[in-house]
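Undergrad: This is the structure I want to talk about, given as structure tokens.
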Amino acid sequence: MTAILIQGGHLVDPSTGMDERRDLYIRDGRVAALELPGKLNALAKKERAKIVDATGMVVAPGLVDIHVHLREPGQAYKETIASGTQAAAAGGFTSVCAMPNTSPVNDSPETTRWMQAADRHAAVHVFPIAAATLGSRGEAVADYKSLQAAGAVAVSDDGKPILDDSIMLEALAQAARVGLPVIQHAEDTRVTQGASMNAGALAFSLGLRGMSVDAESGIVERDIELLARLRKSDPASRAHLHVAHLSTAKALEAVRRAKHSGLRVTCEVAPHHFALTQAAIGDYNTDAKMNPPLRSEEDRLALIGGIVDGTVDAIATDHAPHALHEKEQEFERAPNGIIGLETALGLSLLVLHRQHRMPLTRVLALLSSQPAQVLHLKHRGSLAVGSFADVVLFRPNDDWQFRASESKSKSRNTPFDGWKLPGRIQMTMSEGRIVHDVRLSTK
Amino acid sequence: MAPFCHRSGTMLNGSMPIKRKTAANKAGRKTHAAKIAGNGAGNGHSSSIRPLLALEVSPSISPRNKIAIPQFHGSAATGFLHPGSAISVSHFSVEDVDRILTEASELEAMPVARRALCYAKRRVALLFYESSTRTRTSFELAAKSLGADTALVSALSSSIEKGESLKDTGITLRSLGAECIILRHPNSGAPYLLARSTGLPILNAGDGSHEHPSQALLDLRTILAHLPPSARTAVKQNHSIHDRVLQGVTVTIVGDILHSRVARSNALLLPKLGARVVFCGPQVLLPEYAAAIGPGVEIERNFERALKQSNVVMMLRIQKERLAGLEIDLEEYIEQYQLHKQRLAAFAPAAIILHPGPVIRGLEIASEITDGPNSAIAEQVYHGSIIRMALLARALDAYPKRNEHSSKRR
Ligand SMILES: [Zn+2]
């Protein structure tokens with residue numbers, strides 16, 4: 001593999017605290033050197049490295065998304081691993097963690113391996129998240145050891161929360177034994193039947209059944225209690241609970257308290273939950289229907305508070321492609337979710353950096369080093385020498401317009417069509433390969 | 001105006017004169033829907049950037065989403081709401097309400113034979129995903145009395161049973177020549193989907209727990225016919241409906257507010273005209289945030305205290321089919337919320353009693369009230385057919401006519 005010199009850029013690497021002009025040298029898919037501008041020119045000439053001019057750009061670790069739905073196996077009409085990872089590359093992501101609610105459910109080493117096979121033609125690295133229980137039925141925990149050996153980086157029944165206390169306890173204990181986090185989609189489905197948006201005055205006005213805040217926070221509180229119980233019986237327990245797509249102030253508060261008490265709890269927030277409120281539903285726009293639902297302005301601001309104060313560990317998209325005909329239905333019948341890989345960086349820069357003045361390096365930490373840490377993805381989300389050469393180059397102050405019709409995803413379900421966002425992505429590299437280049441992909 | 005269809009000034013329910021409006025007025029209609037239509041032309045989505053914090057995401061259908069459809073009537077499925085639609089009363093201005101009621105009175109006064117020529121051979125489809133005797137018959141007879149041809153498609157029809165989408169059913173009906181679709185649907189918001197998919201005027205005949213605009217308008221007409229003489233004089237002097245016409249009138253809506261589209265449409269409509277709306281019911285059927293639906297709406301859980309303030313009492317049925325998971329002790333409910341003779345006599349002897357039907361005698365309302373002197377329930381049904389004629393006229397007037405069926409009205 002040829003070497004690459006990325007020169008003239010401003011390197012921002014939250015994993016090392018680097019926030020300066022540096023040239024970056026890549027060899028054999030790894031970061032080989034980082035030097036002051038110009039210092040690597042001789043080496044590049046000698047090794048006949050490809051030169052990438054990053055003048056005016058931020059050079060950052062490729063982004064890491066620990067919550068995506070790539071729909072393969074089984075639902076290739078919505079997305080494939082190939083198309084989903086192309087969307088990831090276009091959005092600056094170089095590592096994506098794929099949820100197991102495929103068809104069949106990924107509860108086996110065979111499916112876990114199939115997803116990582118070269119035949120899938122993934123543009124960026126795919127890390128499977130395996131089912132926490134067989135068939136995600138919540139009845140019997142899967143074989144975590146063999147799943148981990150096959151490449152799974154966490155276990156989750158995303159979309160189908162584990163409600164039974166004893167099963168959840170067992171999942172946490174078993175996963176801890178092999179060092180895997182348990183990711184919980186926190187929703188008490190016993191009280192959310194038929195609900196299609198956030199509970200409250202707007203749901204009443206629209207005549208829609210609402211999903212209460214308590215349906216989320218109740219499960220988060222229960223899970224934290226189970227974790228505490230586990231630690232009590234075994235103080236050396238490595239049990240790790242990760243709360244997926246946290247959406248309410250109340251659940252956030254529960255996580256904050258648990259962290260203060262020293263429990264191993266982490267959480268993620270999706271860009272749509274800090275960028276939008278339930279008002280985006282308007283006249284029953286199904287592209288504003290997701291689970292957890294868009295919440296109130298108070299919840300949105302609380303999430304931003306949690307991001308700013310460090311309670312939130314990661315930004316994760318919950319990229320959930322659905323075909324047009326599925327979303328073009330009655331609101332209550334339409335499936336939940338939106339695509340999110342191509343808008344995550346822009347929305348994060350817009351809301352967190354521009355509107356809420358978070359330093360760029362902290363925003364990037366939430367999109368790279370921190371999520372990599374949550375799921376122990378080694379040598380990802382970092383530009384330290386020796387790391388995988390996963391790199392994103394973008395112009396932070398260059399605004400661009402997101403057009404759903406130009407998405408690399410197979411699906412178009414997004415409420416952000418036409419939005420003007422900061423941070424135009426110029427190039428994405430996955431392990432030293434250029435997987436997205438704006439000069440080649442713009443029309 | 002064609003000689004066949006001449007209309008004269010008329011009296012609402014024989015008592016209230018309302019200024020006659022000419023057809024020219026109709027062209028000047030400005031509704032919320034019309035405004036949406038204004039910028040929706042072209043590719044169906046505006047290219048302007050939506051502001052993030054305004055959180056005002058308008059329904060967008062990207063150009064890629066559209067299917068090329070032969071244009072029979074010069075109207076495209078461009079993703080906006082046709083101005084002849086009646087989907088939510090929140091789209092109606094006071095002037096819109098005035099025009100609809102005026103139209104209703106004109107049509108009411110017209111000789112039956114002449115009325116039947118107004119929209120002769122215009123095509124109206126009734127698309128009913130929920131069974132409904134009252135509303136369906138009312139709309140159907142209203143359309144027929146205007147001379148329109150009607151076609152009924154119910155949820156049991158084969159294409160829907162086979163899984164055809166609402167969008168495709170709508171497009172099929174439009175291709176078959178429907179110029180207006182009356183939709184009854186169990187899912188809230190379904191009329192928006194049909195309106196955007198077809199570009200046709202859609203009359204909402206009840207969608208889930210959302211709205212039932214024709215019911216609110218017929219309730220309004222019923223209430224106006226019973227206004228005390230002083231208020232009636234005010235209406236007379238202004239010759240039209242205005243935002244204070246119901247000043248001093250308290251309308252109490254009792255029962256299963258949570259699932260009632262009738263409650264929502266009335267709570268949005270009546271305060272626009274100056275009325276006070278009081279919701280009354282137990283917590284499980286009336287959440288606290290229901291009062292936030294709009295201005296002029298309050299909650300009073302004590303039925304007798306609510307009755308004491310009421311000029312109009314609207315009783316609602318408990319919608320057992322929508323309860324799913326909610327528990328109600330019917331005996332306790334009857335004890336606290338049933339309207340019976342003693343309660344009415346003690347707390348609201350002069351109030352008029354409305355009920356959108358179907359009435360469950362012995363549950364929310366006692367038989368002697370349904371049939372008693374305060375009851376305006378039968379009148380509601382009458383006003384329903386008049387209001388629905390007016391809504392159909394409004395929809396068909398707004399819809400571009402085909403040459404072979406050029407209007408007899410102008
Ligand atoms: Zn989930």
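Undergrad: Whole angstrom only: what separates the Cα centroid of segment A:144-184 from the Cα centroid of segment B:135-185?
TA: 51
Undergrad: How much of the accessible area of segment A:256-321, in percent, comes from carbon and sulfur atoms when a 1.4 Å probe is used?
TA: Result for segment A:256-321: 51 percent of the exposed heavy-atom area is carbon or sulfur.
Undergrad: Then there is this: Specify the inter-centroid distance of segment A:203-271 and segment A:96-139, based on alpha-carbon positions, in whole Å.
TA: If you average the Cα positions of each part, the centres end up 24 Å apart.
Undergrad: Kindly state, to the nearest 0.05, the FRET efficiency for residue A:134 paired with residue A:257, given R0 = 35 Å and r defined as their beta-carbon distance.
TA: So the FRET efficiency works out to roughly 0.60.
Undergrad: By the scheme Lys and Arg +1, Asp and Glu -1, what is the net charge of all other residues having a beta-carbon under 10 Å from that of residue A:194?
TA: Within the 10 Å Cβ shell, the charges total +1.
Undergrad: Quantify how strongly other chains surround peptide A:412-419 by giving the mean number of their Cβ atoms within 10 Å of each of its Cβ atoms.
TA: Mean partner shielding for this stretch: 4.
Undergrad: Roll a 1.4 Å probe over the protein chains and send me the accessible area per residue for segment A:62-381 in Å².
TA: 31
Undergrad: Pick out, from B:82, A:305, A:248, the residue whose Cα sits farthest towards the positive end of the charge dipole of the protein assembly as shown, with +1 on the Cβ of Lys and Arg and -1 on the Cβ of Asp and Glu.
TA: B:82
Undergrad: Let's test the formula: R0 of 45 Å, r as the Cβ-Cβ distance of residue B:360 and residue A:440. What FRET efficiency results, to the nearest 0.05?
TA: After rounding to 0.05, the efficiency reads 0.10.
Undergrad: Within segment B:213-377, what percent of beta bridges assigned by DSSP are antiparallel, to the nearest 5?
TA: 0
Undergrad: On a C-alpha basis, how far is the centre of segment A:362-392 from the centre of segment B:191-221 in Å? Whole number, if you could?
TA: 52
Undergrad: Would you mind getting the accessible area per residue of segment B:213-377, heavy atoms of the protein chains only, 1.4 Å probe, in Å²?
TA: 39
Undergrad: According to a simple spin-label model (label point 7 Å from Cα along Cα-to-Cβ), what is the distance in nm between residue A:385 and residue A:110?
TA: My value for the distance between the label points is 4.7 nm.
Undergrad: Let me ask something additional. Along each of the three principal axes of the Cα atoms of segment B:137-233, give the extent in whole Å, ordering the values from largest to smallest.
TA: Each principal axis gives a Cα extent; for segment B:137-233 these are 56, 31, 24 Å.
Undergrad: With a Cα-only, solvent-free Debye model of chain A, what are the log10 I(q)/I(0) values at q = 0.07, 0.09 Å⁻¹?
TA: Listed by q, the Debye log ratios stand at -0.32, -0.53.
Undergrad: How many nm separate the modelled label positions at residue B:156 and residue A:121, each set 7 Å beyond the Cα in the direction of the Cβ?
TA: With each label point 7 Å from Cα toward Cβ, the separation is 5.1 nm.
Undergrad: Positive end of the charge dipole of segment B:241-325 (Lys, Arg +1 and Asp, Glu -1 on Cβ, about the Cα centre): tell me which of B:262, B:250, B:285 has its Cα farthest that way.
TA: B:262
Undergrad: Can you quote the Å³ per residue value for the convex hull of the Cα atoms in segment A:106-170, rounded to an integer?
TA: Taking the convex hull of the Cα positions in segment A:106-170, it is 79 Å³ per residue.
Undergrad: Solvent-accessible area of residue A:400, probe 1.4 Å, all protein chains present, reported in Å² to the nearest ten, please.
TA: Result for residue A:400: roughly 50 Å² accessible.
Undergrad: So, taking all protein chains as they sit and a 1.4 Å probe, how much accessible area belongs to residue B:169, in Å² rounded to tens?
TA: 10
Undergrad: Based on Cβ point charges of +1 for Lys and Arg and -1 for Asp and Glu, what charge dipole magnitude is obtained for segment A:33-94 about its Cα centre, in debye rounded to the nearest 20?
TA: That gives segment A:33-94 a dipole magnitude of about 280 debye.
Undergrad: If you average 1/r across every pair of different Cα atoms in the protein assembly as shown and take the reciprocal, what Kirkwood value do you get, in Å?
TA: After inverting the mean inverse Cα-Cα distance, the result is 29.5 Å.
Undergrad: To continue, here is another question. Which one of A:136, A:73, A:358 has its Cα pushed farthest toward the positive end of the charge dipole of the protein assembly as shown, where Lys and Arg give +1 and Asp and Glu give -1 at the Cβ?
TA: Going by the charge dipole, the pick is A:358.
Undergrad: Also, quick follow-up: Of all beta bridges DSSP finds with both residues in the protein assembly as shown, what is the antiparallel percent, to the nearest 5?
TA: 35
Undergrad: With a 1.4 Å probe on protein heavy atoms only, tell me which residues of segment B:276-299 lose at least 10 Å² of accessible surface in the complex relative to the chain by itself.
TA: Listed by number, the residues meeting the 10 Å² cut-off are B:289, B:290, B:292, B:293.
Undergrad: At the nearest 100 Å², what buried accessible area, both sides summed, do you get for B and A when the probe is 1.4 Å?
TA: 3200
Undergrad: Using r as the Cβ-Cβ distance of residue A:228 and residue A:166, and R0 as 22 Å, what FRET efficiency do you calculate, to the nearest 0.05?
TA: My answer for the efficiency is 0.90.
Undergrad: Right, another one. Suppose we compare each residue of segment B:165-195 in its chain alone and in the full protein complex with a 1.4 Å probe; which ones drop by at least 40 Å² of accessible area?
TA: In segment B:165-195, residues shielded by partner chains: B:167, B:187, B:188, B:192, B:193.
Undergrad: Within the accessible area of segment B:95-206, what % is carbon and sulfur when the probe is 1.4 Å and the other protein chains stay in place?
TA: Carbon with sulfur: 55 percent of the solvent-accessible area.
Undergrad: Cα-Cα over 31 Å: which of A:410/B:162; A:46/A:420; A:327/A:378; A:160/A:420?
TA: Check vs 31 Å cut-off fails for A:46/A:420; A:327/A:378; A:160/A:420.
Undergrad: Kindly work out what percent of the DSSP beta bridges joining two residues of chain A are antiparallel, to the nearest 5.
TA: Here the antiparallel bridges make up roughly 50 percent for chain A.
Undergrad: Need one number: nm distance between label points at residue A:297 and residue B:114, each 7 Å from Cα along Cα→Cβ, rounded to one decimal.
TA: 5.4
Undergrad: Which length gain, in nm to one decimal place, applies between residue A:47 and residue A:397 when the Cα-Cα distance is subtracted from 0.36 nm times their residue separation?
TA: Here the answer is 122.6 nm.
Undergrad: Using a 1.4 Å probe, how large is the accessible area of residue A:160, given in Å² and rounded to the nearest 10?
TA: 110
Undergrad: Further question: Ranked highest first by the average count of other Cβ atoms within 10 Å around their residues, in what order do A:147-153, A:265-271, A:78-84 fall?
TA: Most protected by this proxy first, the peptides run A:265-271, A:78-84, A:147-153.
The values are calculated or read from the model by the stated rules, or taken from the named source; none is laboratory data. Computed from a predicted model, the values in this text were never measured in an experiment. Positions of Cβ are generated from backbone atoms using ideal geometry, with glycine treated the same way; all protein chains shown enter the neighbour counts. The protein model used for the area step is the full one, side chains on, heavy atoms only, and it has no ligands, DNA or RNA in it. Shrake-Rupley method; radii C 1.70, N 1.55, O 1.52, S 1.80 Å.
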